[in-house]
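Only one structure is covered here, and it is reproduced in the block below.
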Amino acid sequence: MHKEAAIREPLILGHKTYHDITEDVCKPIEDKAPRMWYILFGIALIIGLYGVGCILYLLGTGIGVWGLNKTIGWAWDITNFVWWVGIGHAGTLISAVLLLFRQKWRMAINRSAEAMTIFAVFMAGMFPLIHMGRLWAGYWVMPLPNQFGSLWVNFNSPLLWDVFAISTYLSVGLVFWYIGLIPDFATIRDRAKTNVSKKMYSILAFGWSGRAKQWNRFELVSLVLAGLATPLVFSVHSIVSFDFATSVIPGWHTTIFPPYFVAGAVFSGFAMVQTLMLIMRKAMNLEAYIHTRHVEYMNIVIMVTGSIVGTAYITELFVSWYSGVEYEAYAFINRAAGPYWWAYAAMMTCNVVSPQLMWFRPLRRSLLFTFIISIVVNIGMWFERYVIIVSSIHRDYLPSSWSMHYPSHIDLGVYLGTIGLFFVFFLLFARYFPVLALNEVKTILKSSGESYKNAPDTHHHEEKSNVAKAATNVSKEIEDKNDDSSSDETNTDIKE
Amino acid sequence: MAEKVIYAMYDDDDVLKDGAKLLVSKGVKVSEVFSPFPIHGIDPIIGIKNTRLGIMAFLYGLTGLTLATFGMRFFMIQDWPMNIGGKPNFSYMENILSFIPITFEFTVLCAAHGMAITYFLRNKTLPGMPAQNPDPRTTDDKFVIELRTSENTKFSGEELVTMLKATGIVELDQKDI
């Protein structure tokens, strides 16, 4: 067992036993859903359905219902795509990168962060698909030869790299998440009281039995998947940034895009995790597992990645002047002082100023402050994408082609709809799935649980002396145990 | 002789580990351990070899790498040599940079899914499989050691039970099969 310094804050508060952890996580699933859940689910579903309606209208009418025009061919849709993909970066980062670094605090949040990731990538994937206008031709992005000959998709194109990156990310993330879920589904299965839930969770648990060999494989598979997912996380948003960086548009043609986009993605992803986690821990009584310490750790990540993003903004400005390229310089002057100055100002305030407040310990340990900042950061990150995309292309090389982008109500509806659908998925997840990796959390109870940390002497000595006794005075032990165990032992036959 | 299975239940992972150590030192073969979470360090005690799934993942990854390389060479160089901006693709090596992202993604895709499928098959965990843990509490907070008389012919059933009772068990079940 790993030893942890006593001055380190415990990760599991209160005097929890293994059984308490099971109870705390399974109770919200087994109990009736609170009224609030139905209300939130209803609201999310209505918004989601409105979004679906907007998408259907778009498919029936054409891309013209969006606010795009000849100059601005990419705007609201790809902003939302990048925004959602960015949000979908925290889950895998938490579960994969933090697993490789053996960060125990990840265990309380990795499950729901990964669920959030998967749902966010669903939402992201929808935008390129509907932007095709002809959804039924969506399979054309797959490497298939066309029917006229053997023209394949263009493997030189970052847009195709994106197809591979996003689909690999989504499917690997899904598998990683599900492999972790299986033992926890087994726990729920073995506790289930009604026939329906027993049947459902039996299917979901894949017959998991918790054999030593199964756990041996489980640990290795988790480690190797984490090792594979770590470069994957960084590659996905790098490739998303290539969509812009490999073009020749001033403002997009920037070599710092890949690291800067990855940092921005982690930044917005962690902010979304904070928003969801702060609500979830309250609503599902998980305050003992997700508490100030976890929030503080995540705020530090937000602060670091926010600083990287801020540095990148300033570097871009400097290089646009230092490069001596007039078009590049104009793109950035126009960004900050042109007609979209307000979006630029929103981005700068939300993304550069607000994370710096996390240097103050009382602020980063304040849950209310964190909640507000987490929303501010996500607004800022949405504006970042909007600024990069729209402000770079709305001033074309020919002044006669200059234009502005105004979102139509369908643009707004589709975007709101994805937020609604995201919450529909997340609420269903919180209702039926174990939101905490409950069996993984049990492994850190003895090293990071409050009751074990604060009373290390009594507990460990007892255990240690047992080992010593058992190892040395084996025969004496047998007699002692036989005496006291004969009274309270219960011998029951196992029912087949 | 009828084979007997003995299930000894513990309520602490460390007690189980010490118990298993003690049993093994006396020459008892522990056939299985069921636990709600991985007990670190139990595998060498009860003689479980490390899984080779990591090697499989590497091989699947290698397969993906090869497929992606040869696939893209065929699609972009041989089958329909694409000419972009007057710059035709003459050889794979001249264009290798733009093929790296997809090669990487496809390697990861094959390694991860190949390993996951192998993991499910080797574990015999597939949709619809029945649970095989001896007690529903072993996925909650109880830990079970399984002994089989057929694997411990040196000892009688009673001797095994006596030895188990010395290891701090909380419950004992026996089953004839």
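The values are calculated or read from the model by the stated rules, or taken from the named source; none is laboratory data. What you are looking at is a predicted structure, and each value in this text was computed from that prediction instead of being measured. Here the Cβ positions follow ideal geometry from the backbone for every residue, glycine too, while neighbour counts run over all protein chains shown.
Observations on the model:
- Within segment A:431-464, considering residues that are modelled with pLDDT of 85 or more and not in a helix (DSSP H, G or I), the one nearest to the other protein chains (Cβ to nearest Cβ): A:437
- The condition of being in a helix (DSSP H, G or I) and free of Cβ contacts under 8 Å to residues at least 60 places away in the same chain holds for only one of A:93, A:98, that being A:98.
- The number of residues in segment B:41-62 that are at the interface with chain A (Cβ under 7 Å from one of its Cβ atoms) and touching a Ser or Thr at 6+ places or on another chain (Cβ under 9 Å) comes to 4.
- In this entry, residue A:304 passes the filter for residues that are surrounded by fewer than 18 Cβ atoms within 10 Å (Cβ to Cβ), closer than 20 Å to residue A:86 by Cβ and either within 25 Å of the chain's Cα centre (by Cα) or not hydroxyl-bearing (Ser, Thr, Tyr) (or both).
- Sole exception among (1) over 30 Å from residue A:20 (Cα atoms); (2) part of a helix (DSSP H, G or I); (3) of a type in the set (Gly, Ala, Ser) for residue A:251, by number: (2)
- Flag for residue B:93 being on the phi < 0 side of the Ramachandran plot, more than 8 Å from every other protein chain (Cβ to nearest Cβ), crowded, with 17+ Cβ neighbours inside 10 Å and not hydroxyl-bearing (Ser, Thr, Tyr): no
- Restricting the search to helices (runs of 4 or more DSSP H) fully inside segment B:4-83 and requiring at least 3 residues that are over 30 Å from residue A:150 (Cβ atoms) and at pLDDT below 90 gives B:13-25, B:42-45.
- Selection status of residue A:168, among the β-branched types (Val, Ile, Thr) and at the interface with another protein chain (Cβ under 9 Å from one of its Cβ atoms): yes
- Only residues that are of a type in the set (A, V, I, L, M, F, W, C), more than 17 Å from residue A:211 (Cα to Cα) and within 8 Å of chain B (Cβ to nearest Cβ) were counted in segment A:171-197, giving 3.
- Residue A:238 passes every criterion in (1) at the interface with chain B (Cβ under 7 Å from one of its Cβ atoms); (2) farther than 30 Å from residue B:139 by Cβ apart from (1).
- Restricting segment B:102-116 to residues that are at the interface with another protein chain (Cβ under 7 Å from one of its Cβ atoms), of a type outside the set (A, V, I, L, M) and crowded, with 22+ Cβ neighbours inside 10 Å, the residue that is nearest to residue A:229 (Cα to Cα): B:105
- Any chance residue A:218 is closer than 18 Å to residue A:98 by Cβ, among the hydrophobic types (A, V, I, L, M, F, W, C) and either facing chain B (nearest Cβ under 10 Å) or in contact with a helix residue (DSSP H, G or I) (Cβ under 6 Å, 6 or more places away or on another chain) (or both): yes
- Residue check for residue A:333: of a type in the set (Val, Ile, Thr), buried (at least 17 other Cβ atoms within 10 Å of the Cβ) and part of a helix (DSSP H, G or I): no
- The listed residue being farther than 20 Å from residue A:119 by Cα and among the hydrophobic types (A, V, I, L, M, F, W, C), out of A:204, A:181, A:228, A:232: A:228
- Conditions (1) without any contact (Cβ under 8 Å) to a residue 40 or more places away in the chain; (2) in a helix (DSSP H, G or I): number failed by residue A:324: (2)
- Test for residue B:65: is it more than 9 Å from every other protein chain (Cβ to nearest Cβ) and among the hydrophobic types (A, V, I, L, M, F, W, C): yes
- Candidate set from segment B:160-171 (those that are out of contact with any Asp or Glu (no Cβ under 7 Å at 6 or more places or on another chain) and more than 8 Å from chain A (Cβ to nearest Cβ)); member that is nearest to residue B:16 (Cα to Cα): B:164
- Any hit, segment B:142-159, residues being surrounded by 15 or more Cβ atoms within 10 Å (Cβ to Cβ), under 30 Å from residue A:146 (Cβ atoms) and more than 7 Å from chain A (Cβ to nearest Cβ): no
- Test: residue in segment B:117-130 that is under 21 Å from residue B:50 (Cα atoms), among the aromatic types (Phe, Trp, Tyr) and either buried (at least 16 other Cβ atoms within 10 Å of the Cβ) or more than 8 Å from chain A (Cβ to nearest Cβ) (or both): yes
- Scanning segment B:34-88 for residues that are under 22 Å from the mean Cα position of the chain (by Cα) and aliphatic (A, V, I, L, M) gives B:39, B:42, B:45, B:46, B:48, B:53, B:55, B:56, B:57, B:59, B:62.
- The residue that is farthest from the other protein chains (Cβ to nearest Cβ), among those in segment A:135-165 that are outside any loop (DSSP other than H, G, I, E, B) and crowded, with 17+ Cβ neighbours inside 10 Å, is A:141.
- Restricting attention to segment B:13-29, the residues that are at the interface with chain A (Cβ under 10 Å from one of its Cβ atoms), in contact with a strand residue (DSSP E or B) (Cβ under 7 Å, 6 or more places away or on another chain) and either among the acidic types (Asp, Glu) or free of Cβ contacts under 8 Å to residues at least 60 places away in the same chain (or both) total 1.
- Scoring residue A:269 on the criteria (1) surrounded by 20 or more Cβ atoms within 10 Å (Cβ to Cβ); (2) without any contact (Cβ under 8 Å) to a residue 60 or more places away in the chain leaves a single failure, condition (2).
- Hits in segment B:133-174 (condition: in a helix (DSSP H, G or I), farther than 30 Å from residue A:184 by Cβ and among the hydrophobic types (A, V, I, L, M, F, W, C)): B:160, B:161, B:163
- Just one residue in the set A:132, A:116, A:126 is away from chain B (no Cβ under 14 Å), modelled with pLDDT of 90 or more and surrounded by fewer than 23 Cβ atoms within 10 Å (Cβ to Cβ); that residue is A:126.
- Which numbered condition residue A:201 misses (of (1) within 7 Å of chain B (Cβ to nearest Cβ); (2) of a type in the set (Phe, Trp, Tyr); (3) free of Cβ contacts under 8 Å to residues at least 24 places away in the same chain): (1)
- Condition broken by residue A:25, with the remaining ones in (1) more than 14 Å from chain B (Cβ to nearest Cβ); (2) within 23 Å of the chain's Cα centre (by Cα); (3) crowded, with 19+ Cβ neighbours inside 10 Å; (4) touching a residue at least 60 places away in the same chain (Cβ under 8 Å) satisfied: (1)
- Filter result for residue B:79 (closer than 30 Å to residue A:18 by Cα and acidic (Asp, Glu)): no
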